[in-house]
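One structure, as structure tokens, below. Some questions next.
The values are calculated or read from the model by the stated rules, or taken from the named source; none is laboratory data. The structure presented is a predicted model; accordingly, all values stated were derived computationally and were not measured. FYI the Cβ positions are ideal-geometry reconstructions off the backbone, even for glycines, and counts take in every protein chain you see.
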Amino acid sequence: MSVNWSNPYAAREGGWLRGNLHAHTSPASGCGTLPVEEVLARYAAAGLDFLAVSDHMTVTTPAEAPLTLLPGVEWNAPEGFHTGVYALDPAALAPACAMTDQAALLAHYAGPATLTVLNHPNWTLRPHYHREELLAAEGYDGVEVYNALIRRLDGHELAVEKWDWLLAQGRRVLAFASDDSHNADDIGQAWLCVRAANTPAAVFHALKTGNFYASSGVELQDIRREGARLTVESADGQEVQVHGPGGVQLARVPDHSLTFDLADAPFARLTVFGRGSAMAWTQVFYAGEG
């Protein structure tokens, strides 16, 4: 199971499903304020289709849920380095709760059966992560380019510049956005939209292979590649930008859609800007690949 970096959105079966991989509960997380049953109910009421409860160093497995659940855990070492780990089998996550070294964690969970995401790179609590630490880490699938919780903590919720830097260094990593919810007001601030059937296996496969976009409030209707032409269409976007190596802007239109010719760039990603500060990010497309 790997990303089709030429076109992460080649698989077009199923509709867009909205979900969040970063939510905390009480008392399991040690930082959440709501019991797991209320967290699940509030996410379902907010219109989400899938959710991962990612309590710190604890695998929370509700018996029932009003939406599709993916097992998850937020691993963290004493010095920081928070990492989301997700799998279809909750038992596969148990070893993470006993690990203390991130390199060992990422090595253990590299492979098709798990998904690993480096969380809130621009949280300045023991700044995690410095660019060099992101580059030195091996085996992870992606980074949070947007973490809504950090709007009310020290740091910055956006980490797109670190994603761009990794891409410029030749690292192929996916972009994620999350609520990182700790209370009721945190719910519904950011999400992922996968194109998949609404089953845990299908949602996990879409996430692992990059068939999703990340959003802090913008809804995308379609993302597609036809030859060298990339197209994004949104329901509520007001501007679309295309960025290439180093975050260089390759195109910009004040519109809700854009088609871009990738023939003259080694890779590109698209950002759709909506009302206020709302954004949505596609995954990266690489030119000249099958």
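Is it fair to say T68 is touching a Phe, Trp or Tyr at 6+ places or on another chain (Cβ under 6 Å) and either free of Cβ contacts under 8 Å to residues at least 40 places away in the same chain or buried (at least 17 other Cβ atoms within 10 Å of the Cβ) (or both)?
yes
Check V145, V160 and return the single one that is surrounded by fewer than 22 Cβ atoms within 10 Å (Cβ to Cβ), under 17 Å from the mean Cα position of the chain (by Cα) and within 24 Å of E219 (Cβ to Cβ). It would help to see each step written out before you state the result.
Values: V145 fails: surrounded by fewer than 22 Cβ atoms within 10 Å (Cβ to Cβ).
The conditions single out V160.
Applying the selection to region 237-270, what residues are assigned to a loop (DSSP other than H, G, I, E, B) and closer than 13 Å to V284 by Cα? Walk me through how you get there before you give the answer.
So in region 237-270, the residues assigned to a loop (DSSP other than H, G, I, E, B) come out as 237-238, 244, 248, 254-256, 265-266.
Residues satisfying the conditions are G244, A265, P266.
Do you know which of the residues in region 176-188 that are polar (S, T, N, Q) and in contact with a strand residue (DSSP E or B) (Cβ under 8 Å, 6 or more places away or on another chain) is nearest to F212 (Cα to Cα)?
Going residue by residue through region 176-188, those that are polar (S, T, N, Q) are 178, 181, 183.
Within this subset, residues satisfying the condition of being in contact with a strand residue (DSSP E or B) (Cβ under 8 Å, 6 or more places away or on another chain) are 178, 181.
Numbers: S178: 13, S181: 20 Å.
Among residues in region 176-188 that are polar (S, T, N, Q) and in contact with a strand residue (DSSP E or B) (Cβ under 8 Å, 6 or more places away or on another chain), the one nearest to F212 (Cα to Cα) is S178.
Restricting region 154-202 to residues that are in contact (Cβ under 8 Å) with a residue 12 or more places away in the chain and among the acidic types (D, E), which is farthest from W281 (Cα to Cα)? Lay out the reasoning, then the answer.
Of all residues in region 154-202, those in contact (Cβ under 8 Å) with a residue 12 or more places away in the chain come to 154-169, 171-184, 186-202.
Among the residues that remain, those that are also among the acidic types (D, E) are: 154, 157, 161, 164, 179-180, 186.
Details: D154: 24, E157: 14, E161: 13, D164: 12, D179: 15, D180: 18, D186: 20 Å.
Applying the filter and picking the extreme gives D154.
Are any of the residues in region 204-218 in a loop (DSSP other than H, G, I, E, B), surrounded by fewer than 24 Cβ atoms within 10 Å (Cβ to Cβ) and over 16 Å from the mean Cα position of the chain (by Cα)?
no
Taking region 6-26 as the region of interest, how many residues are part of a strand (DSSP E or B) and under 18 Å from N147 (Cβ atoms)?
Residues in region 6-26 being part of a strand (DSSP E or B) and under 18 Å from N147 (Cβ atoms): 6 in total.
To continue, here is another question. Given the condition assigned to a helix (DSSP H, G or I), touching a residue at least 12 places away in the same chain (Cβ under 8 Å), of a type in the set (K, R) and at negative phi, answer yes or no: does some residue in region 42-51 qualify? Can you show your working first?
Step one: of region 42-51, the residues assigned to a helix (DSSP H, G or I) are 42-45.
So of that shortlist, the ones also touching a residue at least 12 places away in the same chain (Cβ under 8 Å) come out as 42-44.
Next, from what is left, pick out any that are of a type in the set (K, R): 42.
After this cut, where a residue has to be at negative phi as well, the list is 42.
There is at least one residue in region 42-51 that is assigned to a helix (DSSP H, G or I), touching a residue at least 12 places away in the same chain (Cβ under 8 Å), of a type in the set (K, R) and at negative phi.
Still on this structure, I have one more. Could you list, in sequence order, the residues of region 174-203 that are crowded, with 24+ Cβ neighbours inside 10 Å, of a type in the set (A, V, I, L, M) and outside any strand (DSSP E or B)?
Across region 174-203, the qualifying residues are A190, V203.
Return the residues of region 267-290 that are exposed (fewer than 14 other Cβ atoms within 10 Å of the Cβ) and within 23 Å of the chain's Cα centre (by Cα); say none if nothing qualifies. Can you show your working first?
Going through region 267-290, the residues exposed (fewer than 14 other Cβ atoms within 10 Å of the Cβ) turn out to be 275-277, 288-290.
Answer for region 267-290, where residues must be exposed (fewer than 14 other Cβ atoms within 10 Å of the Cβ) and within 23 Å of the chain's Cα centre (by Cα): R275, G276, S277.
Go through region 219-236 and give me each residue that's among the small types (G, A, S) and either outside any strand (DSSP E or B) or on the phi > 0 side of the Ramachandran plot (or both). Show your work before the answer.
Going residue by residue through region 219-236, those that are among the small types (G, A, S) are 227-228, 234-235.
Matches in region 219-236: G227, A228, A235.
In region 155-173, what count of residues is obtained for those that are within 21 Å of N211 (Cα to Cα), of a type outside the set (D, E, K, R) and in a loop (DSSP other than H, G, I, E, B)?
The qualifying residues number 3.
Turning to a different aspect of this structure: Looking only at residues in region 91-135 that are in a loop (DSSP other than H, G, I, E, B) and among the polar types (S, T, N, Q), which one is surrounded by the most Cβ atoms within 10 Å (Cβ to Cβ)?
Here is the first cut: in region 91-135, the residues in a loop (DSSP other than H, G, I, E, B) are 99-101, 109-113, 119-122, 124-127, 129-130.
Among the residues that remain, those that are also among the polar types (S, T, N, Q) are: 100, 119, 122, 124.
Values: T100: 9, N119: 27, N122: 21, T124: 12.
Among them, the one singled out is N119.
With respect to N20, determine if the residue is surrounded by 20 or more Cβ atoms within 10 Å (Cβ to Cβ) and out of contact with any helix residue (DSSP H, G or I) (no Cβ under 9 Å at 6 or more places or on another chain).
No, not satisfied.
Between G290, G274, G244, which is modelled with pLDDT under 95 and farther than 24 Å from T68 by Cα? If you could, list the steps in order and put the result at the bottom.
Details: G274 fails: modelled with pLDDT under 95; G244 fails: modelled with pLDDT under 95.
Testing whether each residue is modelled with pLDDT under 95 and farther than 24 Å from T68 by Cα leaves just G290.
Is there a residue in region 77-87 that is among the polar types (S, T, N, Q), in contact with a helix residue (DSSP H, G or I) (Cβ under 8 Å, 6 or more places away or on another chain), part of a loop (DSSP other than H, G, I, E, B) and under 30 Å from H130 (Cβ atoms)? Steps first, please.
Narrowing region 77-87 to residues among the polar types (S, T, N, Q): 83.
Now restrict to residues that are in contact with a helix residue (DSSP H, G or I) (Cβ under 8 Å, 6 or more places away or on another chain): 83.
Cutting the leftovers down to part of a loop (DSSP other than H, G, I, E, B) gives us none.
For region 77-87, residues among the polar types (S, T, N, Q), in contact with a helix residue (DSSP H, G or I) (Cβ under 8 Å, 6 or more places away or on another chain), part of a loop (DSSP other than H, G, I, E, B) and under 30 Å from H130 (Cβ atoms): absent.
On to the next question. Does A251 satisfy the condition of being surrounded by fewer than 22 Cβ atoms within 10 Å (Cβ to Cβ) and in the same structural domain as A177 (by TED's automatic domain parsing)? Quick ask: steps written out before the conclusion?
On the way: surrounded by fewer than 22 Cβ atoms within 10 Å (Cβ to Cβ): yes; in the same structural domain as A177 (by TED's automatic domain parsing): no.
Here the answer is no, as A251 does not meet what is asked.
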